[in-house]
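We did not get these values from a lab; they are worked out from the coordinates using the rules stated. Nothing here was measured: the structure is a model prediction, and the numbers come from that model. With ideal geometry, Cβ positions are generated from the backbone for all residues, glycine too; neighbour counts draw on all protein chains shown.
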Amino acid sequence: MTTTLQEGMEFETTYEVPADKTVPHLYPEFEEGQRMPEVFATGYMVGLFEFACIKFINAHIDWPRQQTVGIHINVSHTAATPPGFTVTVQGRLVKIDGRKLTFSIEARDGVDTISKGSHDRFIIDADKFNAAVEKKKAAL
C-alpha cells in the first residue's frame, strides 16, 4: 500500500445497466427468477460496488501483486432500475485500519438514490492468497 491512499478520499464510477444484469439473469437456472421483474439485480449491484472500490484502490497499491478482496457489505436496495439507465456509484474511503479499508457507498440511477451503505475490503498479497486457495482445493 502506498501513502497516497488516505481516509476521506472520494471516487465515482458510472455504469449503464445492460439487460443481462437484471434479476432474471442473476441465476437463470432458478425457474422463479425467470418470472421476476427485469430490473438491476441486487447481486449485480453489489458486484458493481466491489469493482468501483477496486478500480479506486488499484491506483494506490502495488497492483497486481497486491489486490483486495471484499470482506463485508451492508447496503440497502431501495429503488428499481430498468436496463438502459446509468448508475452512478459514489464512494468515500472512511477508514484505514492496517490492510482493512472501509468505504461509504451510494448509488443513483438518474432518478432515484437506489442504494446506500458500507463496504469493507482487505488488501492481500495475490500470490499468498492464491496459494491458500489452491491448498484448500487440494483438500477436497
Rounded tilt (10° steps) of 42-58 against the dominant C-alpha axis of the chain: 30
Of His60, His119, how do they rank once you tally other Cβ atoms within 10 Å and put the fewest first? His60, His119
Linear extension gain, Thr86 paired with Val111, 0.36 nm per residue minus alpha-carbon span: 8.0 nm
Sorted from largest down, give the three principal axis spans of the alpha carbons of region 76-140, whole angstrom values. 48, 30, 17
Determine the gain in length on full extension of the stretch Val94-Glu16; use 0.36 nm per residue of separation and subtract their C-alpha separation, reporting nm with one decimal. 25.4 nm
Angle between the chain longest axis and helix 126-138 axis [Cα atoms, degrees, rounded to 10]: 70
Between Trp63 and Lys128, what is the spin-label point distance in nm, taking each point 7 Å from the Cα along the Cα→C-beta axis? 2.1
Could you give the semi-axes, largest first, of the ellipsoid that matches region 6-52, computed as the square roots of 5 times the alpha carbon gyration tensor eigenvalues and rounded to whole Å? 28, 10, 7
What does the helix-only formula give at 222 nm for the chain: each DSSP H stretch with n ≥ 4 adding -39500 (n - 2.57), the total divided by the residues, and the result rounded to the nearest 500 deg cm²/dmol? -7500 deg cm²/dmol
Could you quote the convex hull projected area for region 1-85, Cα atoms only and averaged over all directions, in nm²? 7.2
For the chain, what is the charge dipole size about the Cα centre, in debye to the nearest 20, if Lys and Arg each add +1 at the Cβ and Asp and Glu each add -1 at the Cβ? 540
Using only the alpha-carbon atoms, what does region 10-138 span along each of its principal axes? Please give whole angstrom values in decreasing order. 42, 39, 21
